[in-house]
1. Check cross-link reach from B:Lys86 to the lysines: straight Cα distance under 25 Å, and skip same-chain residues fewer than eight apart.
2. Based solely on its DSSP helices, what 222 nm [θ] is calculated for chain B when runs of n ≥ 4 H residues each add -39,500 (n - 2.57) and the sum is averaged over all residues, nearest 500 deg cm²/dmol?
3. Antiparallel versus total DSSP beta bridges in region A:2-207: what percent is that, nearest 5?
4. Peptides A:159-170, A:46-57, B:212-223: what's the order by average Cβ count within 10 Å, highest mean first?
5. Restrict the search to region B:80-189; then list the trypsin sites (Lys or Arg not before Pro) that DSSP places in a loop and that have at most 12 other Cβ atoms within 10 Å of their Cβ.
6. List the relative contact order of region A:2-207 as a percent without decimals, with contacts defined as Cα pairs under 8 Å and 6+ residues apart.
7. Given the options A:Met11, A:Met140, A:Met127, which has the most mean-square fluctuation in a GNM of chain A, springs set between C-alpha atoms less than 10 angstrom apart?
8. Would you mind getting me the FRET efficiency between A:Glu207 and A:Ser34? Use the beta-carbon distance for r and R0 = 22 Å, nearest 0.05.
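Values quoted throughout were computed directly from the atomic coordinates according to the rules given, and no laboratory measurement underlies them. As the structure is a computational prediction, the values presented were derived from the model and not from experiment. Cβ placement follows ideal geometry from the backbone for every residue including glycine, while neighbour counts extend to all protein chains displayed.
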Amino acid sequence: MSTIAIIDYGMGNLHSVSKAIEHVSTNTKVVVSSDQHVIRSADRVVLPGVGAIRDCMAEIKRLGFDELVKEQVQQKPVLGICVGMQAMMEHSQENGGVDGLALFEGEVEYFGDSLYDGEQRLKVPHMGWNQVKQSPGHPMWHNIDDLDRFYFVHSYYVSSSVNAAVGVTEYGKSIAAAVSKKNIFSVQFHPEKSQHAGLQLLKNFTEWDGVA
Amino acid sequence: MGLAKRIIPCLDVDQGRVVKGVQFVDIRDAGDPVEVAKKYDEQGADEVTFLDITASHEGRDTTIHTVEKMASEVFIPLTVGGGIRKVEDIRDMLNAGADKVSINTAAVFNPDFVGEAAARFGSQCIVVAIDAKCVSAPGEPGRWEIFTHGGRKPTGIDAVEWAKKMSALGAGEILLTSMDRDGMKSGFDIGVTRAIVDAVNIPVIASGGVGNLQHLADGVTLGGADAVLAASIFHFGEYSIQQAKTFMSDQGIEMRF
């Protein structure tokens, strides 16, 4: 039995992530915790996140999770989700500019108020099911069809031009749907809300040894 | 390659049972909400909306429990509406497993509540529900006003202006219901849908009046909606979600399969 710790830093509902992982893996114990000892003793770690980046980063720092996450990514597979992924970048434009954990090179940018696909004006937030073009061969994409759809909901994005991009989605701009480096795999979409494709990705995480 | 239009089955839930009436009367029992939501998830629904029409306080606990159970078994986005009046109501629903909450009457009485909610929980989880009725005479340019209390109370507020205001305050999405069409099976009110879609830059869900699959397609192609919401045509087995998606896809609408 392996253990996955979902880092609880008070930002939003972690129930869905926890239930979705339990749903796909009978031999994984899922714990939602803010206890550093519990997180350190887990085999894998999830950094989730919803809401605004300033509040997320403030809580991550207040609870000492910035150093903890930097330490954990050296040791075991870590999955970042949504704002959890954005928090791993160097900097975000949201809330007037907020520094991130800098685990990946790159900036989190705003979609802007006039986003277009050709003639068609696109709504912000980017909300709904969009296709993800995979970088082939990453074990986290195992058993998921290329261009399968995942559920997104966000107004800020990371450009697909960052070195670490391993999944790309088009929404007026070419955005990083997933970034990965060594033990870290982070996604902009919500796997816990992306039905079959998302559940498969979570299943892959329960089996991933952290090597791309 | 691009964002798919969404089909959202809506569950009107009273005292822990799915019900559906015609313009809020003539309620028929349509089953256990968790079982109904699971069925739609299996059929490929893109989201599920749960509208709590229970008026009593005791009913709230039942609702929270049902949302918890639904969120444990259904892995697509879940919106909960009905009786969301305070920040604590939002927190309770999000903690129970909802991804978004839908605010209706409370926004009309206190618009700043929407701003407060968006600042606290993020725009991505704040849906503002607008119940609109046509108030222009036949032949006049379309004009729609907001009604509260299940379409019974007029407010005198212009629906298009209201949608703009809600968007500016931080709403992440608009759930637009035509009270003239709700339960009538004669199709969405395309006029108000198009007017609001063009007025705001956030996604709009069209609701109220779906009687067949062409109505769903029209909501997107004519109304410009980002998502379409329906209840009766799915609850009573007239059409499956897959049939609806195939039909819409055949009309050139991008759908998720």
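1. Within reach: B:Lys69, B:Lys100, B:Lys153, B:Lys164, B:Lys165.
2. Calculated from helices alone, the mean residue ellipticity at 222 nm is -11000 deg cm²/dmol.
3. Details: 27 of 45 bridges.
Beta bridges within region A:2-207, antiparallel portion: roughly 60 percent.
4. Per-residue Cβ counts within 10 Å, averaged per peptide and sorted highest first, yield A:46-57, B:212-223, A:159-170.
5. On the way: sites: B:Arg85, B:Lys86, B:Arg91, B:Lys100, B:Arg120, B:Lys133, B:Arg143, B:Arg152, B:Lys164, B:Lys165, B:Arg181, B:Lys185; in loops: B:Arg85, B:Lys86, B:Arg143, B:Arg152, B:Arg181, B:Lys185.
Those that pass, being in a loop and sparsely packed, are B:Arg152.
6. Details: 448 pairs, mean separation 41.4, N = 206.
The value is 20 percent.
7. A:Met127
8. After rounding, the FRET efficiency stands at 0.25.
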